[in-house]
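Just below is one structure, and these are the notes that go with it.
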Amino acid sequence: MVHRSRSGISEAAAAAAALLVALAVALAAYGIYARNTSAAVAGFEKESGNQAVKISERLTLVYWASDGRAWIANDGPDPVTVIQIYVDANLAWSGNATLAPRQMQVFSLPSGSALAVKTSSGALHVLTKEWTR
Amino acid sequence: MRRRGVSSASVIVFALAIVMMTTVAAYLSVSAFSNTFTARRNLEELYDRGKHEVRATLMPGIPPGWSPKAYLLIHEDSGEGDTLLDILVDRMGSVTSARINEVFDAGACRIIRLERLGLPRSINGYANTSIVIHFSSGAVGKAYQRSWVEPDEVYPCGRDPPERPGVYTVNIRVLLETGSGRQVCGSCSSAVNPPPGNRNYSPYEIARIEAEPAITIGNTQYVFKHWEVSFTGYRDTVTYGLNPLNLLMDDHYFVEAVYATP
């Protein structure tokens, strides 16, 4: 004997329809998940690449004199091109200064308490006064 | 008997719940992995920088010897090994930098004669001065002047050779300080040992010069006040209250034992 609901559809048919709907939802969810995952992985790989660039770029604030001159050294293995320097969150210098590995360069800046250097790779290095530690 | 079936709504809800939980779990795991990876790399970089610790000491002479000459004692404390790249000296706004390029083995220390780098040779030249050293690891250290360093701290350290070979001469004399000024004592041969005059020493030999605590000239008693040491031919004097004075012979020196009335 076939059990029917009040609307007249058999329970087996209702269950089959429900399963089809669930399958469709699952497929849609999987599609969204796969797309998001691939986007997340791509973003993650990009971020990893950025981190790798940031890590290979190793800038050191060797000294920051009271008149504002800052001695910045490239202690990484690759050349680094400095494009902007911020002092206390204000743009204080912009240009193109490429520092070879182990090279130190003097930048004329205003005096301040915090210094951030942006490089051509897009990395932003916040440099601290290491000698005051 | 009629069996109660599973309603279609509950199946849909169940399926949706499974899908949502799977999606959330996957998202959380990817995001956690990404954050952990980034944090670990950043921590590694910080650790790598932090483990390179350097220490710099500005000192007059090389213990146990004293001299007016300025030396920089540098310790590489991390046990990693590093290369000293730069020394920067800020003398009241006038900054001089010198490129060194000297490899430090793990835990090594070195005594640098600052005069060798074209910097002032006298310790007096470093008043109100900041000295910063920079290593290839990114380690940066500020030098602090210490009037005395335990010889054990410098004994194992490599040091710059003397400025030149041969002998160094110390010229000793006795000064009497009175209310009317100073005068050289010509009859004070027994006041200091070795007696007043010129003495030759090998480079980096320590000349032990001792003064009598008190002397009587005529009817006046004088007590030993201090030593005044200067590079021969220059009047840039460094004062020492020590008696005896262990003078490091790293240059030609002019030494005056100053006596004053009590």
(request) Kindly indicate whether B:TYR222 is out of contact with any helix residue (DSSP H, G or I) (no Cβ under 7 Å at 6 or more places or on another chain), exposed (fewer than 14 other Cβ atoms within 10 Å of the Cβ), among the aromatic types (Phe, Trp, Tyr) and more than 22 Å from B:ARG121 (Cβ to Cβ). (result) no
(request) Provide a single number: the residues in the range B:99-118 that are charged (D, E, K, R) and touching a helix residue (DSSP H, G or I) at 6+ places or on another chain (Cβ under 7 Å). (result) 0
(message) Being more than 14 Å from chain A (Cβ to nearest Cβ), within 14 Å of the chain's Cα centre (by Cα) and either farther than 30 Å from A:ARG58 by Cα or β-branched (Val, Ile, Thr) (or both) is true for just one of B:SER122, B:SER180, B:SER147, B:SER187. Which residue is that?
(response) B:SER147
(request) Return yes or no: is A:ALA73 within 8 Å of another protein chain (Cβ to nearest Cβ), more than 17 Å from the chain's Cα centre (by Cα), farther than 30 Å from B:ALA17 by Cβ and modelled with pLDDT of 95 or more? (result) yes
(request) Please find, within the range B:77-90, the residue that is modelled with the lowest pLDDT out of those that are under 17 Å from the mean Cα position of the chain (by Cα) and more than 11 Å from chain A (Cβ to nearest Cβ). (result) B:SER78
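Matching residues to (1) hydrophobic (A, V, I, L, M, F, W, C); (2) touching a helix residue (DSSP H, G or I) at 6+ places or on another chain (Cβ under 6 Å); (3) outside any loop (DSSP other than H, G, I, E, B); (4) over 23 Å from B:ASP86 (Cβ atoms):
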{"site": "A:ASP78", "(1), (2), (3), (4)": "no, yes, no, no"}
{"site": "A:VAL82", "(1), (2), (3), (4)": "yes, no, yes, no"}
{"site": "A:SER94", "(1), (2), (3), (4)": "no, no, yes, yes"}
{"site": "A:THR98", "(1), (2), (3), (4)": "no, no, yes, no"}
{"site": "A:PHE107", "(1), (2), (3), (4)": "yes, no, yes, no"}
{"site": "A:GLY122", "(1), (2), (3), (4)": "no, no, no, yes"}
(request) List every residue pair whose Cβ atoms lie under 7 Å apart, where the two residues are 6 or more positions apart in sequence or sit on different chains, the first residue falls within the range B:129-150 and is assigned by TED's automatic domain parsing to the domain that holds B:GLY241, and the second residue, located anywhere, is surrounded by fewer than 17 Cβ atoms within 10 Å (Cβ to Cβ) and at pLDDT 90 or above. (result) none
(request) Quick one: B:ARG164 ticks every box in (1) modelled with pLDDT under 90; (2) at positive phi except a single one, so which number is it? (result) (2)
(message) Restricting to the range B:206-228, give me the number of residues that are within 29 Å of the chain's Cα centre (by Cα) and modelled with pLDDT under 95.
(response) 0
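The values are calculated or read from the model by the stated rules, or taken from the named source; none is laboratory data. These numbers were taken from a predicted model, which means no experiment stands behind them. Every residue, glycine among them, receives a Cβ derived from its backbone with ideal geometry; neighbour counts consider all protein chains shown.
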